[in-house]
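All remarks here apply to the structure that follows.
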Amino acid sequence: MEELDVEPPLTLIPGVDSNRKQMCFAWGPGEMLVYETLFPKEHAEKRPGCPNIFIVRKDQDVYSQTLRKLFNESHGIFIGLQRSEEELAGKSRKAQLVRVSKNYRSVIRACMEEMHQLAISTRDPELHCQHSTQVSILSAMELIWNLCEILFVEVAPAGHLLLHLLDWVRLHVCDVDSMVREVLSCEYPSKHKDFWNAVDIFVLQGRMDDARHLLSKEASANPTSMGMCKILDDLMKKMPILTIGNTQTLTEMELKWQHWHEECQRYLQDGTFASNPHMESICKILLGDENAILEKKELMTTWYHFLVTRLVYSHPTVKPVELRFYAQSSMDLFLGGESSPEPLDSILMAAFEFEIHQVIKECSIALSNWWFVAHLTDLLDHCKLLQSHNLYFGSNMREFLLLEYASGLFSHHSLWQLGVDYFDHCPEYGKVYLELHIERIPLNTEQKALKVLRICEQRQMHEQVRSICKIMAMKAVRNNRLGSALSWSIRAKDAAFATLISDRFLKDYCERGSFSDLDLIDNLGPSMLLSDRLTFLGKYREFHRLYGEKRFSEAAKLLLMLMTARIAPCSFWMTLLIDALPLLEQKEVIFSAEQTYELMRCLEDLTAGKTDNQKFQVDDFEITKVEILRLALARNLARAIVKEGTLEGS
Amino acid sequence: MEDFSAKFVSQKISKTRWRPVPAAALQPPELFATGSWDNEENKISVWSVGDFGSLGPNGEYQGEPQLLCDIRHHGDVMDMQFFDQERIVAASSTGSVTIFRHHQNNQTLSVNQRWERAHYHVDPDTPFYGGASCTGVICNNPEIVTVGEDGRINLFRADHREAVRTIENADSSTLHAVTFLRTTEILTVNSIGQLKIWDFRQQRNEPSQIFSLTGDRIPLHCVDRHPNQQHIVATGGQDGMLSIWDVRQGSMPVSLLNAHEAEMWEVHFHPSNPDHLFTCSEDGSLWHWDTSTDVSEKPSFFHQGGRSTTLLSHTANQSVISAWLSNNPTKDRMEITNLVPNQTLSVNSLDVLGPCLVCGTDAEAIYVNRHLFA
């Protein structure tokens, strides 16, 4: 693990010569941009500069393939925990939290296994080193998490506490099994050089049955010591241990233990084991003699193993609050002033002292990624162990850590989706952070944009919905995909954009004389009502269709309605009137007198609207158009009046 | 659901497909392919769920999917289909369509053929052609049909360098998915909620039929055709609605079923048990729709893929009219089950073949269930 550095580490940027040119940088959400400027340093020769921009990332873990599995699986566990029922109280809630904690740990273990496989299978020494370091970091993480689970989540009471600690030590510290396998595979196990080491380590870890099994090999091989072996075996068998589910009370257990302790004392003082130094030292260990236990330092390898062994043989009914004293003294005795405690040691010590905040703080400093502290703090918060320790910028510790972790996820090109859920569960600042981050996700494909939109819609982030839809719609318009643009503006209910698209269609129509994308315009449906211009477009197309189907009177009515109801934009009136021409010139009278009057009024409105300055620019074509229209309208009016004035029949 | 094992694979899965088993074979499929998206380096991977792993308590083979081989893919894998036993066609977000060959003897993948500019946007101002995402691909050996964000439909033939037929500007909006209706007809769905039938025998570039919903133009994302009764088509929309259409009649869906709470990404009829339908969605769930009623009521041959429907007498045929077309499927005791435990992120893709189901999620996990009908 990293130590707290006094000197920050130096990172060389390849290609940039900082002796010749000045460098410049800019901060990003999770990374830094670095590039070479044009400004030379003094006395430097002119040379072509480096044309590249470099991205410097601090958090490499996020890009590790194996650790990605850790992030994803733990995300599932995190969500499950947040959603789990709060109403469960007491024992069932505790059991649930312990289960969650074990889940997290099994995920860490699985990741460790895989990383280990990668380390042994790779041939590249640098990769091997990298993977091995990662394995040790993960194993340290699991060690710390397991201890926190025992002390803070499980909150084991006196008696059970020691059993859990014993399991913890057996699981994590020193590799006993390979040594034992070697010893047992030999033909005469008791002659093996590691035989007594194996027995010792079993005793140190409180594994009495295994120790007795090995001892029996010695008894059968060496008849002279059979008597001593039998006594020792007997002592080991009779050692009182508290098993989970046992209904003994602590006081009963203490009494029995006291009894047993005195018996061992008697055997030692009688000199029963005097002839065999190995067995004598075992007896001393059973009596909890610190020096005897300390002699086996190399076997135990760590001070916390020493601590647990001490407790097993001197204070098996230790209470959680008493742990700190034993822990401190164990560490001092074990390290003996030769070496100073490493970061892992101080974290574990803080845990034994029940200083949760200290544990979290030290872990944050030692680890390069927020994953561990964020999830552990969240779990401890669910155990209601963290007081609302308000940091001076407003949020509590759990939220702060989750926000940091999730922000780190957002700087990854793919893991941003996980980050969203973490922000959801930060009540104070989560929403704001999410709003800021989600706008910066690059949207390469429509599918990705749809996913981001769904996230925003589910959280009522309307601003972001509008802005994303607008971006996608603009892209579509630039690529001439007017249908896609329309579907984006429908999603955002963006009337202004729908107007823009309709204007594009109408412009195309004016230029080419026909509509493009008829499949879209013909099938607008209720979305037509999104904007007036769009409604006009739909209705105008309908007019053309009716005309094509020769339903002239309906077409006429529609045309008139478009103008009188002011749905049509003024710029289009001329076109509409010209469209009315063929209807006016038909053999049968289509427009009634009323309608003709209306049309004439529209024409007058249109021409009157052209002010004086425009009169100069009106070209002949325009004048001709108006004249033709006036003529047609007049002729139609005449015919209409005649037709309406005529009686039917006769 | 107990057999639903999850495997975390460090890449977000966009498509999963079983390798088809030879028609005569009776064993379940053993190999599937996955495509990833949103990675700096996307991959097409081939996995095996064969006979590795230990025997489970009931004697069935259990084991995680094992990675056999993978190959780099440029751009997101937007759609993927097995062309035949050895070749996989993949549609990319860069607008290219690639055929990969899986070499069984040394378990490698290689690029067999690529159409670089299958889909592109044209910018009238600059001569630059920007790639448009190819969103859907369907194969019917030797033909491949692709559709994309540029509204273009391409008909390719394996081993031909150029497209056999291209329908330019087939749609003004994005085409999301394509499937074969008949050998010469395809179905497409687009982002303004239209289902269109295209006939390749006709030379004009117009769809032969257009279907749409009457309400809001909700985009449709996926389409699948009933394996035996070719007039029954199912589509899934952006609002999670499952629509069943009868393409012989009407221009509106026969039934609309409120299904998921978010986009439905894929819909599949089970190829041999078409009473079963599977849908997966952005809301993280995968639903199994089961309209098969008691076996005693329905003749048993219906479950075997209906190969013997021609032997049915006419009256019997009426009674086995597909439950999908009846107006109220729920009346016929349709069972719907959610198959994904602990739903968190979107289930992007699923595939069913025989008794096996595979699906991939945005939580970078693959789920395999080898005992669907147990």
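Read-outs: derived from the displayed coordinates by stated rules, not from any lab. Everything numeric here is computed off the predicted structure, so don't read it as measured data. Counting neighbours? That spans all protein chains shown, and the Cβs are built from the backbone with ideal geometry, glycine included.
Over all pairs of distinct alpha carbons, what does the Kirkwood formula give as the hydrodynamic radius of the range B:70-202, in Å? Let's see the in-between values first.
On the way: mean 1/r = 0.0666 Å⁻¹.
Hydrodynamic radius (Kirkwood, Cα only) of the range B:70-202 equals 15.0 Å.
Can you bin the range B:171-278 into rounded, prolate or oblate? Criterion: square roots of the alpha carbon gyration tensor eigenvalues sorted a ≥ b ≥ c, rounded for a/c under 1.5, prolate for a/b above b/c, oblate for the rest.
Numbers: a/c = 1.69, a/b = 1.15, b/c = 1.48.
Note, shape of the range B:171-278 comes out oblate.
Under a crude label model (7 Å from the Cα following the beta-carbon direction), how far is residue A:95 from residue A:265 in nanometres?
My value for the distance between the label points is 4.2 nm.
Express the C-alpha Rg of chain A as a ratio against the empirical globular expectation 2.2 N^0.38 Å, rounded to two decimals. Provide the component values of the computation, followed by the final result.
Details: Rg = 42.2 Å, N = 650, 2.2 N^0.38 = 25.8 Å.
With N residues counted in chain A, Rg over 2.2 N^0.38 Å equals 1.64.
How far is helix A:371-382 tilted off the main Cα axis of chain A, in degrees rounded to 10, range 0 to 90?
For A:371-382 against chain A, the angle is about 80 degrees.
Of the listed peptides B:144-150, B:219-225, what is their order by residue-averaged count of other C-beta atoms within 10 Å, with the highest listed first?
Numbers: B:144-150: 28.4, B:219-225: 23.7.
The densest-packed peptide leads the list: B:144-150, B:219-225.
Other chains' Cβ within 10 Å of B:260-268 residues: what's the mean?
Values: counts 0, 2, 6, 5, 0, 2, 0, 0, 0.
That works out to 2 on average.
Between the range A:409-446 and the range A:583-610, how many Å separate their Cα centres?
When both Cα centres are located, 59 Å separates them.
Rounding to the nearest 10 and keeping the result within 0 to 90°, find how far the Cα-based axis of helix A:323-335 lies from the longest principal axis of chain A.
Here the helix axis deviates by roughly 70 degrees.
Other chains' Cβ within 10 Å of A:517-525 residues: what's the mean? Display every interim value, and only then the final one.
Working: counts 5, 2, 14, 7, 1, 1, 8, 2, 8.
Partner-chain Cβ atoms within 10 Å, mean over residues of A:517-525: 5.
Hey, what did chain A get for relative contact order, percent, Cα under 8 Å, at least 6 apart?
Relative contact order comes out at 8 percent.
Charges on Cβ only, +1 for Lys and Arg, -1 for Asp and Glu, centred on the Cα centroid of chain A; of A:586, A:413, A:292, which one is farthest towards the dipole's positive end?
Toward the positive end, the furthest listed residue is A:586.
Can you give me the C-alpha center-to-center distance between the range A:123-200 and the range A:339-381, rounded to a whole angstrom?
Their Cα centres are 20 Å away from one another.
Cβ neighbours within 10 Å, averaged per peptide: list A:343-351, B:100-108 in order, most packed at the top. All intermediate terms of the calculation are to be shown ahead of the outcome.
Details: A:343-351: 20.8, B:100-108: 13.4.
Per-residue Cβ counts within 10 Å, averaged per peptide and sorted highest first, yield A:343-351, B:100-108.
Taking the dipole about the Cα centre of the protein assembly as shown, with the C-beta of Lys and Arg at +1 and of Asp and Glu at -1, give me whichever of B:356, A:60, A:564 is farthest to the positive side.
The one lying farthest along the dipole's positive direction is A:564.
Multiply the residue gap between residue A:496 and residue A:301 by 0.36 nm, knock off their C-alpha separation, and tell me the result in nm, one decimal place. Walk me through the numbers before you get to the answer.
Working: separation 195, 0.36 × 195 = 70.20 nm, distance 7.26 nm.
So the extension gain works out to 62.9 nm.
For the pair residue A:19 and residue A:463, how long in nm is the line joining their label points, each one 7 Å along Cα→Cβ?
Calculated label separation equals 5.0 nm.
Please go through the residue pairs A:296/A:319; A:69/A:94; A:539/B:196; A:448/A:470; A:91/A:384; A:361/A:431 and name each one whose alpha carbons sit more than 20 Å apart in this structure. Before the final figure, lay out each step's value.
On the way: A:296/A:319 26 Å; A:69/A:94 27 Å; A:539/B:196 23 Å; A:448/A:470 15 Å; A:91/A:384 14 Å; A:361/A:431 26 Å.
Beyond 20 Å: A:296/A:319; A:69/A:94; A:539/B:196; A:361/A:431.
Computed FRET efficiency, Cβ-Cβ of residue A:122 and residue B:30, R0 25 Å: what is it to the nearest 0.05? If you can, show how the numbers build up before the last one.
Values: r = 29 Å, r/R0 = 1.17.
Efficiency computed from Cβ-Cβ geometry: 0.30.
Other chains near A:446-454: what is the mean number of their Cβ atoms within 10 Å of each residue's Cβ? Don't skip to the answer; put the middle values down first.
Numbers: counts 10, 15, 5, 0, 9, 8, 0, 2, 7.
Per residue, the average neighbour count from other chains is 6.
For a quick size check, give me the Cα extents of the range A:174-262 along its three principal axes, largest first, whole Å.
Sorted from largest, the Cα extents of the range A:174-262 read 45, 31, 17 Å.
Taking 56 Å as R0, compute the FRET efficiency from the Cβ-Cβ separation of residue A:58 and residue A:249 and round it to 0.05.
Working: r = 54 Å, r/R0 = 0.97.
It comes to 0.55.
Averaging the inverse of every distinct alpha carbon separation and then flipping it gives the Kirkwood radius. What is it for the range A:283-392, in angstrom units?
Details: mean 1/r = 0.0640 Å⁻¹.
Mean inverse Cα-Cα distance, inverted, gives 15.6 Å.
According to a simple spin-label model (label point 7 Å from Cα along Cα-to-Cβ), what is the distance in nm between residue A:181 and residue A:321?
Going from the residue A:321 label point to the residue A:181 one covers 4.6 nm.
Helix-only estimate, please: 222 nm mean residue ellipticity of the protein assembly as shown, summing -39500 (n - 2.57) across DSSP H runs of length 4 or more and dividing by its residues, to the nearest 500. Spell out each step's value before the answer.
On the way: 32 runs with 423 residues, N = 1024.
Value at 222 nm, helices only, nearest 500: -13000 deg cm²/dmol.
Quick one: which of B:197-204, A:353-360, B:278-285 comes out on top by average Cβ neighbours within 10 Å, and what's the full order, highest first?
The peptides rank, most packed first, as B:278-285, A:353-360, B:197-204.
Zone of residue A:565 (label point 7 Å along Cα→Cβ, backbone N under 18 Å): which residues in the range A:515-543?
Flagged as within label range: A:522-543.
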